[in-house]
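The values are calculated or read from the model by the stated rules, or taken from the named source; none is laboratory data. Predicted, not measured: the structure shown is a model, and the values here were computed from it. Every residue, glycine as well, gets a Cβ built from its backbone with ideal geometry; the counts of neighbours run over all protein chains shown. Heavy atoms of the whole protein, side chains included, go into the accessibility calculation; ligands, DNA and RNA do not. Shrake-Rupley method; radii C 1.70, N 1.55, O 1.52, S 1.80 Å.
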Amino acid sequence: MKRLLTAALGGLLALGLAACGTSAAPESTGAEPVSVVLGWYPTAESGGFYAAEEQGLFAQQGLDVDIQPGGPQVSQTQVVASGRADFGLSDATTIANARAAGIPIVAVAALFQENPVGVMVHADSGAADWKDLAGRTWYVQTGQLGQEWVKRSQGIDFTTAAYNGSITTFLHDDAAVQQGWPTNEAYQAQKEGVRTRFLSYASAGYDPYNDVVFTTQDFLREHPDRVRAFLDATMHGWSAYMSDTALAEKVNTTLQQENPQLDPAANWFAWDAQRKFLTAGGTLGAMTAERWSTLVDQMTQLGALQPGLDPASLFDTSALPTVPAPTTLPPAP
């Protein structure tokens, strides 16, 4: 199951501010060790990092990068805040919640320029827009703000049931609404012969950045050149992974080796489906003050944040290179 929730922030405050960054070791003339903890197990969603490694882009930047898998028991925020990794992947809401809790992490890039999370319905259910989903049963994860924003912005109401990782109930209920991604859940439905229509929460105005690359404020302040080098290699890795199928084949083989449970067909489906969300803004990794400000305002309106959080404190693009999104996206082989 593709995770929709990043690991909880529980226990972060107990870590103490003294552990909020890696040690400020002197820069050396050799390859600098850098580590990144993924948002989930190795899949196409993390392919750009492995592409940068495959192409030698990290080495060209003088970096020796350790890519650490995530998973349901991994709190990326906690791992980075404690200094066990230099970078992590999470979502914008988790970054905001962490800063509200006093954890000095900062977003330095956003991979998904449009948030892919949303809901899917049976293609033949007669549902074409949000208004058509009123009064239905939505299978969603508890605590997600997307469905709450839909209620607020679209003026509709519906019943919710807990999504436990299986879409079996959805498959057999033509009127059901299933939360998920247009990659994982959509592939599962297609594999079972069910045609679906997908509506992203972004289309309802709730569009927080997803797969956000973050680090600690200390690490960014003490090692700006290392952050810049890591992001440069990463964004060029993503560009190549999305546009070069020969490279993608090599990377996907590596992903399969790193994650033996990975379904190769599902991974190629995700590789293809995710690209429009990664390239939506035209520039890879880009972030704007307006998007972060909108998120803070929406979370505050929904009661997920107390008023007063400064959106400008959540992100820093000073080390982010300008890497255009690829304009040619070949089909999956």
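The rows are residues; the columns are (1) over 22 Å from Leu295 (Cβ atoms); (2) in contact with a His (Cβ under 8 Å, 6 or more places away or on another chain); (3) assigned to a helix (DSSP H, G or I); (4) modelled with pLDDT of 95 or more.
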site	(1), (2), (3), (4)
Val119	no, no, no, yes
Tyr139	yes, no, no, yes
Thr142	no, no, no, no
Trp149	no, no, yes, yes
Ala161	yes, no, no, yes
Asp174	yes, yes, no, yes
Gln179	no, no, no, yes
Gly193	yes, no, no, yes
Leu199	no, no, no, yes
Do we have any residue at all in segment 272-295 that's under 16 Å from the mean Cα position of the chain (by Cα), polar (S, T, N, Q), open to solvent by less than 10 Å² (accessible area, probe 1.4 Å) and closer than 30 Å to Ala123 by Cα? yes
Scan Ile105, Ile95, Ile156 and give me the residue that is touching a Cys at 6+ places or on another chain (Cβ under 9 Å) and either open to solvent by less than 20 Å² (accessible area, probe 1.4 Å) or of a type in the set (Val, Ile, Thr) (or both). Ile105
Based on what the data block shows, is Ser239 part of a loop (DSSP other than H, G, I, E, B), in contact (Cβ under 8 Å) with a residue 40 or more places away in the chain and of a type in the set (Ser, Thr, Tyr)? no
Condition check for Leu231: surrounded by 15 or more Cβ atoms within 10 Å (Cβ to Cβ), outside any loop (DSSP other than H, G, I, E, B), touching an Asp or Glu at 6+ places or on another chain (Cβ under 8 Å) and touching a residue at least 12 places away in the same chain (Cβ under 8 Å): no
Using beta carbons and a limit of 8 Å, which pairs, at least six apart or on different chains, have the first residue in segment 283-295 and over 22 Å from Leu145 (Cβ atoms) and the second one open to solvent by 40 Å² or more (accessible area, probe 1.4 Å)? Thr283/Thr322; Thr283/Pro324; Leu284/Pro324; Ala286/Thr317
For segment 100-137, give me each residue that is over 25 Å from Pro307 (Cα atoms) and within 23 Å of the chain's Cα centre (by Cα). Leu111, Phe112, Gln113, Glu114, Pro116, Val117, Gly118, Val119, Met120, Val121
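Among the residues of segment 202-222, write down those that are within 16 Å of Ala81 (Cβ to Cβ) and either open to solvent by 10 Å² or more (accessible area, probe 1.4 Å) or small (Gly, Ala, Ser) (or both). Spell out the reasoning first.
Let us first name the residues in segment 202-222 that are within 16 Å of Ala81 (Cβ to Cβ), namely 212-222.
Those that are within 16 Å of Ala81 (Cβ to Cβ) and either open to solvent by 10 Å² or more (accessible area, probe 1.4 Å) or small (Gly, Ala, Ser) (or both): Gln217, Asp218, Leu220, Arg221, Glu222.
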Would you be able to say whether some residue in segment 236-243 is among the aromatic types (Phe, Trp, Tyr) and under 30 Å from Gln188 (Cα atoms)? yes
How about segment 108-134: which of its residues are open to solvent by 50 Å² or more (accessible area, probe 1.4 Å) and either of a type in the set (Asp, Glu) or in contact with a strand residue (DSSP E or B) (Cβ under 8 Å, 6 or more places away or on another chain) (or both)? Glu114, Asp124, Ala128, Asp129, Asp132
Would you be able to say whether some residue in segment 15-34 is modelled with pLDDT under 95 and among the acidic types (Asp, Glu)? yes
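Given the residues Leu262, Leu247, which is the only one that is aliphatic (A, V, I, L, M) and part of a loop (DSSP other than H, G, I, E, B)?
Numbers: Leu247 fails: part of a loop (DSSP other than H, G, I, E, B).
None of the other options fit; the residue is Leu262.
Could you tell me which residue of segment 38-51 is nearest to Trp238 (Cα to Cα), considering only residues that are touching an Asp or Glu at 6+ places or on another chain (Cβ under 9 Å) and of a type outside the set (S, T, N, Q)?
Quick first cut of segment 38-51, residues touching an Asp or Glu at 6+ places or on another chain (Cβ under 9 Å) only: 38-39, 41-42, 44-46, 50-51.
Remaining after also requiring of a type outside the set (S, T, N, Q): 38-39, 41-42, 44-45, 50-51.
Numbers: Leu38: 14, Gly39: 16, Tyr41: 17, Pro42: 14, Ala44: 10, Glu45: 10, Tyr50: 9, Ala51: 7 Å.
Result: Ala51.
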Residue list for segment 314-333, restricted to those being surrounded by fewer than 15 Cβ atoms within 10 Å (Cβ to Cβ) and farther than 27 Å from Ala273 by Cα: Ser318
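Any idea which of Gln306, Gln298, Gln261 is crowded, with 21+ Cβ neighbours inside 10 Å, in contact (Cβ under 8 Å) with a residue 40 or more places away in the chain and of a type in the set (S, T, N, Q)? If you could, list the steps in order and put the result at the bottom.
Numbers: Gln306 fails: crowded, with 21+ Cβ neighbours inside 10 Å; Gln261 fails: crowded, with 21+ Cβ neighbours inside 10 Å.
Result of the check over Gln306, Gln298, Gln261: Gln298.
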